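To keep things clear, I will list the structure first and then write my remarks on it.
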Amino acid sequence: ARGGARGGGFYSSSSCRRGRGRGVWPLVKGVGSEGARLSSMRTATGVTEWVPTIDVSALSDSSGPLRAQCIQQMAQACAESGFFYAVNHGVAPATIDAAMEAAGAFFSLDKEDKLTIDNAKSAAFRGYIAQGLENTNGVVDEREQIEFGVESEAAPPGVMPYYLRLQGPNQWPSDATCPDFRPAV
């Protein structure tokens, strides 16, 4: 599916976790919905069988209606299934492969090594979150994750509005435990 998605993309359908049925993404045309089905996965409220596939090439059009439509599709996908598969994004395959390799190396570390960048140590909530520490609608999410953002100076204490507190530096694993992670990510 990966190679086909880079070319013409897929016409995808999504089984929404809120039970709204299937939706189609009109910007994405190509080989058919069978290629867009990546996996079934468990969510807090049910099973999502389809990953929405969105052609993000329209994002480069700074003022056009296709850009607005693409943004609306991404918002809908994030609200309904929690994520989407982006195609025609312009990121080189070698860059994707390096990031995936770095992620695999990080998540294969011992928990003690991963916790050196525990997000509880970051005022901007950046870093590692162990499995079982996040929840959705009161149900524990069975995943571990690492959160990054745009690298910036830490926001001053008590800054308002609250979302400005999410600005700040990222935490990175040491080169000793996870060489080449930072440049790959």
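The values are calculated or read from the model by the stated rules, or taken from the named source; none is laboratory data. Quick caveat, the model's predicted, so the values are computed rather than measured. Cβ coordinates were reconstructed from backbone atoms using ideal geometry, including for glycine residues, and neighbour counts include every protein chain displayed. Surface accessibility is based on the protein's heavy atoms, side chains included, excluding ligands, DNA and RNA. Shrake-Rupley method; radii C 1.70, N 1.55, O 1.52, S 1.80 Å.
Can you give me the solvent accessible area of E142 with a 1.4 Å probe, rounded to the nearest 10 Å²?
130
Given a 1.4 Å probe and every protein chain left where it sits, what share in percent of the accessible area of segment 56-185 is carbon and sulfur?
Whole-percent figure for carbon plus sulfur exposure: 58.
For a protection proxy built on the mean count of beta-carbon atoms within 10 angstrom, sort 50-59, 154-163, 85-94 highest first, please.
50-59, 85-94, 154-163
For the full complex of protein chains and a 1.4 angstrom probe, list C78, C178 by accessible area with the highest value first. Intermediate values should be presented prior to the final figure.
Numbers: C78 70, C178 5 Å².
Ranked from most to least accessible, the order is C78, C178.
Once the piece of chain linking T177 and D97 is laid out straight, how much longer is it, given 0.36 nm per residue of separation minus the C-alpha distance between them?
Full-extension gain reported as 26.8 nm.
Taking the simple approach of a point 7 Å from Cα along Cα-to-Cβ for both Q145 and C78, what is their distance in nm?
1.1
To the nearest 20 debye, what is the magnitude of the charge dipole of segment 59-185 about its Cα centre, counting +1 on the Cβ of each Lys and Arg and -1 on the Cβ of each Asp and Glu?
400
Once the Cβ-Cβ distance between S63 and Y162 is put in as r, and R0 is 30 Å, what FRET efficiency do you end up with, to the nearest 0.05?
Details: r = 31 Å, r/R0 = 1.02.
Using R0 = 30 Å, I get an efficiency of 0.45.
Can you tell me the accessible area per residue over segment 80-185, all protein chains present, probe 1.4 angstrom, in square angstrom? Don't skip to the end; give the middle numbers.
Details: 6650 Å² over 106 residues.
I get 63 Å² per residue for this part.
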